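Report on the following structure.
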Amino acid sequence: MPDDAPERRMTRDAALDVLARRRTDQVVVSAMTALGPWRQRSPSDRNLFNLGFMGGASTYALGVALARPDVPVWVIDGDGSLLMQLGSLATIAHAAPANFLHVVMHNGIYETSGAQPIPGEGRLSFAGMAREAGYAHAARFDDVEAFDAELDDLLSRDGPTLVELFTAPGDSFYAPAPPPAERPTPAVARNWPVVRDALRTD
Amino acid sequence: MPTVAQSIPAASLLQALLDAGVQDVVAVPDTHQRTLISAIEEHADLRFIQATTEDEATAICAGLIVGGRRPLLQIQHAGLYACVNNLRGLGIDGAFPIVLLAGLLGRDPAKAPGDDFGSMVRLAGPLLDALEIPHYLIDGPADLPHLAAAYAEAEARGGPVALLLGAETC
């Protein structure tokens, strides 16, 4: 049983390092605070951004997984983000994509908005909810070494698989940038055609 | 001459979807389109993907487009109100060419939607206008060519196009 005391949780960056070491040709959808650190660790033309439609990372990834069952798809989700569209667990389990790994960073707070606690913190089990929704596999880790030791086995199985990682609360408060002088092309619009084109070359 | 919305047979709509090159239908169930949903579920060349919310369905469509597929977002007008943030974030900011088909459940077939007593019907068009999403009424079999045209427009403009289904399918 994982120990979910905040002071003993793994760091988000340590968890991302574990994933980055296994990253080959997977499409990876990352949400919110994981986005920047993931791009630094694993730059790729197969990184999709979940920006500006909070809660949508898992189903954005599901669409890719259903379009391309030959390509492994990972989603690096947040606890607050998943709670916003919790029904997606049932949707994903029902669609049952074998190529789908759902990683949930459970730090217990809405980190970007000032570290308010998520509802139900201390009682919620995302792995438990995924298992009961019908995911093929679900696991929880608070220790990064245990996660590292078991990830290869989890990746070898047909999904959908959900891995809940108890991570230490971070400090990624979102401060809006100054208004631009000209209307920019939003990051999501610049990002997805790159991934689409990369997948076309397969 | 009053407007009279005509019911469209599910088979005709299904053929229009196939003619438009649709491969996947991502849906939250809609009473208005239940005969069409049944026909899609039974058709070998269309994949039916069910979501629990319209926000999810919008994001699934976006992911399918990244993967090279041509999806249809099939919802009810109530779902249009429910998925405004994902339509904005993915459709407008993300420039995804999502085509959505929304049933105007409860519409008075003798009135234009903008004159309907029900807010759900009456405000659907103004909501899409506010989101800068082009929209077209499918009020009978003669309007079926709007389906293929919607995909061409969505891809040309880099953004969503909405089709509002005026009468219950038969």
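Just so it is clear, none of the values below were taken in a lab; they were calculated from the coordinates. If you're wondering where the values come from, they're calculated on a predicted model, not measured in any experiment. Here the Cβ is made from the backbone with ideal geometry for all residues, glycine too, and neighbour counts use every protein chain on show.
Equivalent ellipsoid semi-axes for chain A, as square roots of 5 times the alpha carbon gyration tensor eigenvalues: give them largest first, rounded to whole Å.
Values: eigenvalues 115, 97, 51 Å².
Ellipsoid half-lengths, sorted descending, are 24, 22, 16 Å.
Students often get this wrong: which residues of segment A:68-105 have the backbone nitrogen under 20 Å from the point 7 angstrom along Cα-to-C-beta of A:Q40?
Hits in segment A:68-105 for A:Q40 at 20 Å: A:76-78, A:105.
Most fluctuating residue of A:A187, A:A127, A:A90 in a GNM of chain A with Cα springs under 10 Å: which is it?
Among A:A187, A:A127, A:A90, the largest GNM mean-square fluctuation belongs to A:A187.
For segment A:4-76 and segment A:80-115, what is the separation of their Cα centres, given in Å?
11 Å
Given H placed on each backbone N at 1.01 Å, which residues far from B:L137 in sequence or on other chains put an amide H within less than 5 Å of it?
Excluding prolines and chain starts, which carry no amide H, the hits are B:L164.
Identify the chymotrypsin sites (Phe, Trp or Tyr not before Pro) of segment A:103-202 meeting these criteria: DSSP loop state and at most 16 other C-beta atoms within 10 Å of the C-beta.
On the way: sites: A:Y110, A:F126, A:Y135, A:F141, A:F147, A:F166, A:F173, A:Y174; in loops: A:Y135, A:F173, A:Y174.
Within segment A:103-202, the qualifying chymotrypsin sites (Phe, Trp or Tyr not before Pro) (loop, at most 16 other Cβ atoms within 10 Å) are A:F173, A:Y174.
Could you work out the local net charge near B:I8, counting Lys and Arg as +1, Asp and Glu as -1, over the other residues with Cβ closer than 12 Å to its Cβ?
Values: positive: none; negative: B:D139, B:D143, B:E168.
Net charge in that neighbourhood comes out at -3.
Taking 7 Å along the Cα-to-C-beta vector as the label spot, tell me the A:E182-A:D152 distance in nanometres, rounded to one decimal.
Simple spin-label model gives 5.1 nm for this pair.
As an exercise, identify the GluC sites (Glu not before Pro) in segment A:70-141 lying in DSSP coil whose Cβ has no more than 16 other Cβ atoms within 10 Å.
When the GluC sites (Glu not before Pro) of segment A:70-141 are filtered for loop state and at most 16 Cβ neighbours within 10 Å, A:E121 remain.
If all Cα-Cα distances of segment B:37-170 are sorted into 10 Å bins from 0 onward, what percent lands in each bin, rounded to whole numbers?
12, 45, 36, 7, 0
Can you give the average number of partner chain beta-carbon atoms within 10 Å of each beta-carbon in peptide A:63-75, as a whole number? Provide the component values of the computation, followed by the final result.
Values: counts 17, 9, 4, 10, 11, 6, 1, 0, 1, 0, 2, 0, 1.
Mean partner shielding for this stretch: 5.
Alpha carbons only, please: Rg and Dmax for the protein assembly as shown, in angstrom.
21.3, 74
Normalised by the number of residues in segment B:10-165, what is the relative contact order in percent for Cα pairs under 8 Å and 6+ residues apart?
Details: 279 pairs, mean separation 38.0, N = 156.
Computed over segment B:10-165, the figure is 24 percent.
What residues qualify as long-range amide H neighbours of A:D77, i.e. H under 5 Å apart, gap of 5 or more or another chain, H built at 1.01 Å from N?
The answer is A:V103, A:V104, A:M105.
For chain B, what is the charge dipole size about the Cα centre, in debye to the nearest 20, if Lys and Arg each add +1 at the Cβ and Asp and Glu each add -1 at the Cβ? The partial results should precede the final answer.
Details: 9 positive and 20 negative charges, 13 e Å.
Rounded to the nearest 20 debye, it is 60 debye.
Taking amide H positions as placed in the peptide plane 1.01 Å from N, state which residues far from B:D24 in sequence (5 or more) or on other chains have amide H under 5 Å from it.
Counting only residues 5 or more places away or on other chains, the set is B:R47, B:R70, B:L72.
HN-Hα J couplings of segment B:37-48 from phi, Karplus 6.51/-1.76/1.60, θ = phi - 60°, integer Hz, Gly and Pro as x?
The phi angles translate into 4, 4, 5, 5, 4, 8, 8, 5, 9, 10, 9, 9 Hz.
Using only the Cα atoms of segment A:38-128, build the gyration tensor, take square roots of its eigenvalues as a ≥ b ≥ c, and label the shape rounded, prolate or oblate: rounded if a/c is under 1.5, else prolate if a/b is larger than b/c, else oblate.
On the way: a/c = 2.16, a/b = 1.36, b/c = 1.59.
The shape class here is oblate.
Compute the whole-percent fraction of alpha carbon pairs in segment A:148-202 spaced more than 18 Å apart.
Numbers: 1037 of 1485 pairs.
The calculated P(r) of segment A:148-202 puts 70 percent of pairs beyond 18 Å.
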